[in-house]
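Presented below is the structure to which this report refers.
The values are calculated or read from the model by the stated rules, or taken from the named source; none is laboratory data. These numbers were taken from a predicted model, which means no experiment stands behind them. Here Cβ is always computed from backbone atoms with ideal geometry, including for glycine, and neighbour counts include all displayed protein chains. Surface areas here come from the heavy atoms of the whole protein model, side chains and all, with no ligands, DNA or RNA. Shrake-Rupley method; radii C 1.70, N 1.55, O 1.52, S 1.80 Å.
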Amino acid sequence: MSIKYNSLKQVLVLLFLVVGAPVGLVQAQSKDAAIAIGNTFTLESKILGETRRINVYYPPAYIESTTVQLPALYMPDGGVAEDFLHVAGLVQVLVGNGTMRPFILVGIENTERRRDLTGPTTNEEDKKIALRAGGSAAFRRFIRQELMPQIRQRYRTTTETAIVGESLAGLFVVETLMQEPDLFDTYLAFDPSLWWNNKQLVKQASSFLQSYTGKAKTLYIATSSEPRIATDGRQFAEILQATTKPAISWHFEPMPDETHSTIYHPAAQKAFRYVFKPPVQGSAK
């Protein structure tokens with residue numbers, strides 16, 4: 001999912017918000033000063049063979065302290081012209097009103113989305129929409145071996161990690177849980193494209209759940225009114241209901257009033273409040 005901007009001025013203003021440009025530079029062009037909500041950096045990836053841009057938002061609790069450590073929430077589709085800004089704004093609002101624990105948000109900007117977010121496929125229709133599919137394993141290696149160490153080095157983080165994604169990014173979230181479950185603690189998938197490769201992940205779900213003996217994980221899936229995605233999501237949830245073990249805590253949220261193009265923001269609000277709810281005051285956690 002991406003958001004289109006109609007002018008270079010809009011893009012430059014948004015970049016100033018993310019990058020936190022020096023006040024003097026902005027004032028040289030305008031009497032107004034920039035509002036910095038985080039920063040951005042580039043990472044030369046040997047695994048992917050290209051430069052990746054990373055956008056990072058951190059809440060006031062991080063800025064106001066020199067010692068506080070926060071968990072990290074990673075998001076594919078994390079470019080300024082993609083989903084980064086509206087998710088960062090949502091985190092800011094929910095943390096501010098006390099309905100979500102504070103997180104550092106790590107947005108991974110796309111270069112070739114359909115390559116990075118999909119596994120291999122034997123389905124000819126899949127190949128028509130993704131001419132270079134099957135790069136998800138390399139993308140996970142990039143996150144594990146190159147991006148996560150940079151985030152730990154640059155920012156004060158705890159060991160807790162989460163990932164959020166919609167559509168093909170939601171597919172990547174579910175695939176990552178099933179193939180490398182130790183990479184994250186919490187997995188949030190909105191309208192995941194579980195139809196990919198003849199619904200392979202749906203077919204493998206029962207076997208994965210029955211054999212999983214690792215650390216506790218949390219999975220949250222939300223689906224819109226899009227018929228194929230809603231059906232596949234419901235089938236996946238039924239498998240979870242029938243075979244899941246205590247190590248996999250899950251929640252399925254049908255959202256029939258939303259479409260595939262509108263689900264991300266309302267689903268993220270529900271999911272963040274549900275999964276990242278602050279502990280009750282006075283509790284041990």
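Please state which one of Ala247, Ala268 is surrounded by 15 or more Cβ atoms within 10 Å (Cβ to Cβ) and either under 17 Å from Tyr187 (Cβ atoms) or touching a Pro at 6+ places or on another chain (Cβ under 8 Å) (or both). Show your work before the answer.
Numbers: Ala247 fails: surrounded by 15 or more Cβ atoms within 10 Å (Cβ to Cβ).
After applying the criteria, what remains is Ala268.
So which residues in region 87-120 are surrounded by fewer than 17 Cβ atoms within 10 Å (Cβ to Cβ), touching a residue at least 24 places away in the same chain (Cβ under 8 Å) and under 18 Å from Leu168 (Cα atoms)?
Thr111, Arg114, Pro120
Count, please, the residues in region 77-106 that happen to be touching a helix residue (DSSP H, G or I) at 6+ places or on another chain (Cβ under 7 Å) and acidic (Asp, Glu).
So the count comes out to 2.
Filter region 61-82 down to the residues that are under 30 Å from Arg115 (Cα atoms), of a type outside the set (A, V, I, L, M) and not in a loop (DSSP other than H, G, I, E, B) and list them by number. Break it down into steps so the answer makes sense when it comes.
Here is the first cut: in region 61-82, the residues under 30 Å from Arg115 (Cα atoms) are 71-82.
Applying the additional criterion that residues be of a type outside the set (A, V, I, L, M) yields 71, 74, 76-79, 82.
Pro71, Tyr74, listed by residue number.
Taking the stated definitions as given, is Gly107 of a type outside the set (A, V, I, L, M, F, W, C) and at pLDDT 95 or above?
Details: of a type outside the set (A, V, I, L, M, F, W, C): yes; at pLDDT 95 or above: yes.
When the stated conditions are applied, Gly107 passes them.
Being open to solvent by 10 Å² or more (accessible area, probe 1.4 Å) and of a type in the set (Ser, Thr, Tyr) is the filter here; which residues of region 187-231 pass it?
Across region 187-231, the qualifying residues are Ser206, Ser207, Ser211, Tyr212, Thr213, Thr218, Ser225, Thr231.
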